[in-house]
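**Q** I'd like to ask some things about the structure below.
Each value in this text was obtained by applying a stated rule to the coordinates, not by laboratory testing. Predicted model only: the values in this text are computed from it and were never measured. We place every Cβ from the backbone using ideal geometry, glycine too, and count neighbours over all the protein chains shown.
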Amino acid sequence: MGAILLLLLGCAKDTDNEPDNNGMYFVEVNVENGSEYASIVDKVCAVAGNTLNNTFEIIAEAPYGNGRFTLGLPGKVNDKLLVSLENTFNITDIENLQISDRTAKITEVTFYALKVKGEESVGIIGRYSFDPTSIFSEIDFPELMSLYESGVYTTTFIYANKPVTVNGTFIDIPIQYNLTLKTGWNKCIHKITAKLVWTDEDGLKLEQTIEVVNDEPTGMKWYFVN
């Protein structure tokens with residue numbers, strides 16, 4: 001049961017704006033019940049990086065402010081933090097995807113909540129269609145499965161150094177892509193659905209699918225997750 005739960009785990013008003021005249025992309029955040037974490041969170045840092053060469057940098061930061069803060073993501077990200085789409089997928093999967101420009105490079109940003117003393121990370125700030133803090137503490141298993149059968153959403157922010165589209169199916173999980181990235185910062189929405197099925201061959205197993213698109217559904221909120 002615990003292994004299945006781990007597999008599944010994968011706001012008041014808030015907005016994100018188009019780039020300003022300097023190319024910065026501003027993300028305005030209002031964390032659900034944000035004041036409850038003010039004693040353990042002092043600031044939030046946006047970290048981007050290249051997972052292939054293990055290079056990561058803080059590209060923006062802001063005071064936590066009781067859960068209300070604005071992060072200004074830079075209009076241009078250092079090339080050393082980017083990974084080409086050609087290197088993002090393995091050779092089998094890239095042949096099953098329609099990528100308009102395989103030389104396009106991307107990076108994803110993560111919002112880390114920090115306690116200033118010791119610069120210690122105490123959690124992350126994420127955008128979800130559900131409350132991730134209740135997964136292990138409040139939701140019983142049948143309710144959890146019902147949640148995932150109807151689909152849950154997470155939002156990430158991806159930087160691309162040039163326009164590119166990605167369409168098709170990543171085989172292993174599977175992941176269905178219908179994604180258009182413009183130059184600069186983009187919202188990337190993951191819809192995750194899962195259900196438990198019984199087969200004579202494998203017994204009880206988890207079937208999971210993921211869709212990756214641009215359009216964010218209504219009802220998404222920011223949460224602190226530790």
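**Q** If the chain between residue 96 and residue 76 were fully stretched, how many nm would it gain, using 0.36 nm times the residue separation less the Cα-Cα distance? Don't skip to the end; give the middle numbers.
**A** Details: separation 20, 0.36 × 20 = 7.20 nm, distance 3.01 nm.
Length gained, residue 96 through residue 76: 4.2 nm.
**Q** Of 76/162; 43/187; 80/182; 43/162, which pairs sit farther than 21 Å apart, going by alpha carbon to alpha carbon? Working shown, then result.
**A** Numbers: 76/162 11 Å; 43/187 23 Å; 80/182 19 Å; 43/162 31 Å.
Distance filter (> 21 Å) returns 43/187; 43/162.
**Q** How large is ³J(HN,Hα), in whole Hz, for each residue of segment 180-189 in order, when computed from phi with the Karplus curve 6.51 cos²θ - 1.76 cosθ + 1.60 and θ = phi - 60°, using x for Gly and Pro?
**A** 10, 10, 8, 5, x, 8, 9, 7, 10, 9
**Q** Using a Förster radius of 41 Å, what is the FRET efficiency between residue 117 and residue 180 based on their Cβ-Cβ separation? Nearest 0.05, please. Could the numbers behind the result be given before it?
**A** Details: r = 42 Å, r/R0 = 1.04.
E between residue 117 and residue 180, to the nearest 0.05, is 0.45.
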